[in-house]
Amino acid sequence: MLEINHAVENFKLPSTGNKEFSLSDCIGRNVIIYFYPKDDTPGCTTEGQDFRDNWHLFTEMNCIIVGVSRDSIKSHESFKAKMQFPFELLSDEDEEVCNLFSVMKMKNMYGKQVRGIERSTFVVDTQGILIKEWRGVKVPGHVQEVLDFINTFNSNSYQY
């Protein structure tokens, strides 16, 4: 189980853009990892659009954004193109990274118990340390919360 103020184990996942994402390649940048249940569904679309619409603010604060779900790269490529996301989507079909971040949960869907991703967001700092997590995310206002946190974190972490 990941803990705040502890290093996140390096992981690699296939990424849109015919790439492979490796957390260790991001040292020196803050990484926002948001887990979402499924491509092209209403809540996941809105969340992705909110990150997209604020992407420039995150990049100005030395952040990389990646979205993670169990969908295939083919599905991710279509979703990313349709929504014009400027960030990569990562495919975790084997649930390896979902399990690392403990986001797989039993959820109620149409009266049935189903296993799926609990919408969650994590911030890993420039040194690979987990500094913030949001679990059971409600989409409205969430991206602004993440922005506010990064802004406060950056303001408080300058060394003089």
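Just a few scattered comments:
- Over 20 Å (Cα to Cα) - which of LYS12/LYS105; LYS112/LYS132; LYS38/LYS112; LYS38/LYS107; LYS80/LYS107 fall in this group: LYS12/LYS105; LYS112/LYS132; LYS80/LYS107
- Rg/Rg_ref, the chain, where Rg_ref = 2.2 N^0.38 Å and atoms are Cα: 0.99
- Peptides 85-92, 15-22, 64-71, 111-118 ordered by packing proxy, namely the average of other Cβ atoms within 10 Å per residue, highest first: 64-71, 85-92, 15-22, 111-118.
- The residues packed around SER120, meaning those with a beta-carbon under 12 Å from its beta-carbon, carry a net charge of +2 if Lys and Arg are +1 and Asp and Glu are -1.
- Take the Cα of ASN156, step 7 Å toward its Cβ, do the same at GLU9, and the gap between the two points is 2.9 nm.
- Taking every DSSP beta bridge that has both ends in the chain, the antiparallel portion is near 70%.
- Relative contact order (%) - the chain, alpha-carbon pairs under 8 angstrom, separation at least six: 30
- Three-way shape label, segment 1-52, alpha-carbon gyration tensor, a/c 1.5: prolate
- Scalar couplings 3J(HN,Hα) for segment 71-80, obtained by applying the Karplus form with A = 6.51, B = -1.76, C = 1.60 to θ = phi - 60°, are 5, 6, 4, 4, 5, 4, 4, 5, 4, 4 Hz; x denotes Gly and Pro.
- Value of [θ]222 nm, deg cm²/dmol, for the chain, DSSP H segments ≥ 4, -39500 (n - 2.57) each, nearest 500: -9000 deg cm²/dmol
The numbers here are math on the coordinates, done by the rules we state, and not lab data. It should be emphasised that the depicted structure is a prediction, and the values quoted were computed from it without experimental measurement. Using ideal geometry, Cβ is built from the backbone for each residue, glycine included, and neighbour counts are taken over all protein chains shown.
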